1. Could you order Val140, Val409 by accessible surface area, starting with the largest, using a probe radius of 1.4 Å?
2. Accessible area of Thr307, 1.4 Å probe, to the nearest 10 Å²?
3. Using a 1.4 Å probe on the protein heavy atoms only, what accessible surface does Glu152 show? Give it in Å² to the nearest 10.
4. Quick one: which of Lys214/Lys256; Lys214/Lys407; Lys256/Lys342; Lys427/Lys466; Lys256/Lys427; Lys214/Lys466 span more than 28 angstrom between C-alpha atoms?
5. Using a 1.4 angstrom probe, figure out how much accessible area region 22-230 has per residue, in square angstrom, rounded to the nearest whole.
6. Looking at region 21-123, which trypsin sites (Lys or Arg not before Pro) are in a loop (DSSP not H, G, I, E or B) and have at most 15 other Cβ atoms within 10 Å?
7. If you average the C-alpha positions of region 115-164 and of region 417-453 separately, how far apart do those two centres end up, in angstrom?
8. Simple spin-label model, 7 Å along Cα-to-Cβ: Ala69 to Leu321 in nm?
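The values are calculated or read from the model by the stated rules, or taken from the named source; none is laboratory data. Predicted, not measured: the structure shown is a model, and the values here were computed from it. Positions of Cβ are backbone-derived with ideal geometry, glycine not excepted, and every protein chain shown enters the neighbour counts. For the accessible areas, the whole protein counts, side chains as well, though only heavy atoms, and no ligand, DNA or RNA atoms are used. Shrake-Rupley method; radii C 1.70, N 1.55, O 1.52, S 1.80 Å.
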Amino acid sequence: MTPEDQEETQPLLGPLGGSAPRGRRVFLAAFAAALGPLSFGFALGYSSPAIPSLRRAAPPAPHLDEDAASWFGAIVTLGAAAGGVLGGWLVDRAGRKLSLLLCSMPFVTGFTVITAAQNLWMLLGGRLLTGLACGIASLVAPVYISEIAYPEVRGLLGSCVQLMVVTGILLAYLAGWVLEWRWLAVLGCVPPSFMLLLMCFMPETPRFLLSQHKRQEAMAAMQFLWGSGQGWEEPPIGAEHQGFHMAQLWRPGVYKPFIIGISLMAFQQLSGINAVMFYAETIFEEAKFKDSSLASVVVGLIQVLFTATAALIMDRAGRRLLLTLSGVVMAFSTSAFGAYFKLTEGGPSNSSHVDLPAHLSMGPADTNTGLAWLAVGSMCLFIAGFAVGWGPIPWLLMSEIFPLPVKGVATGVCVLTNWFMAFLVTKEFSSLMEVLRPYGAFWLASAFSFFGVLFTLACVPETKGKTLEQITAHFEGR
């Protein structure tokens, strides 16, 4: 074999000899990609301060009634579901880097349309565009980061996706205190604009370049990211890496991660996170906080603090342990949340309609105030537990467990599942409370959290410290 042949067959990705890469520009590239999730979080949090601001605005500003305000908040999830499907197609066809560059456009365009809005349809159109960008960013950013990171830091960098999402939400809450809705939308254009600028100087992922048979470009990308283009192992990219085919669903290395990825996304939403967040301000009002809007900021700070904690310990504690502890905490706290609603429940009523603020106000004021602190504690404990495990880890595992040929389709299905379940749970939770009463609805969420723990222990493998190739080999039984 000639030296040239040896160089051509030399493995590229996956550590040999136990030596870890020393390049630090991988952190810069991960930060640039994570500006997409930051924009995503800002778009999600935007409606919370913008809706009250729009209701206070004088003509000719658009006016939001109750129905319009609900659509203004919910239409993002519909756009994001479509964005998940589009992102799954883009990430395989256009590549990871170009997909991130492209998703900055609907972010900026959407917020620009909102800034210039003169009627309700412009507001909804802008929100739909930002939702589309959210769906693409929620898929592409984890994939990009997982493929550029080496195993020793992949948990840290992968968890930063969720950290940037909750930071974006908190930024929207804080900025909403001082900015009215138009200027808040202008601020929303800043993170995606920075992402567009920074990503222009970042490389495509080596794995995608290898799948396109661009070996020299892959080595240059590794040199930039890791400080070395040699001594790394990657299985040869053959015909089986040319794209997704339905026949591949019969392979254990494909259908097992599919089941795990979809189930984790479903359990994440069925845990009741959106319901708890929706009632946060009402619970804080019952606990006699002078400014109930403080609830949003308190919740945001808890999310950021504990998601950052999860990112720091992810590569030491492992995914399975954090998912299990997180699920146990969530099951306990939603059980306590349900107990609060049971204790504050009034007498029997002939009406099946549940008015939660009225429901919370039944009974003596002192008793309600004391019990409301049970709800506040349960809510804060739930959010902390969610942020440590079930918030970031489903997105991290989604980017780790799928083999290269099916990654675009598989992650697209996972993101679609997540956003569809988010829309379904948010829309139907009030109806569920009418049927089961509030305490029954939260106890059901507690049961789903418990089932998530059992699923984790039975089916989810530990990916800590493993290369993506080793994870694929585990599912294939090699």
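1. Sorted descending by solvent-accessible area, the residues read Val409, Val140.
2. 0 Å²
3. Its heavy atoms expose roughly 90 Å² to the probe.
4. In this structure, Lys214/Lys256; Lys256/Lys342; Lys427/Lys466; Lys256/Lys427 exceed 28 Å between Cα atoms.
5. Accessible area per residue, region 22-230: 37 Å².
6. Arg22, Arg24
7. Centre-to-centre (Cα) distance: 25 Å.
8. About 4.5 nm, to one decimal.
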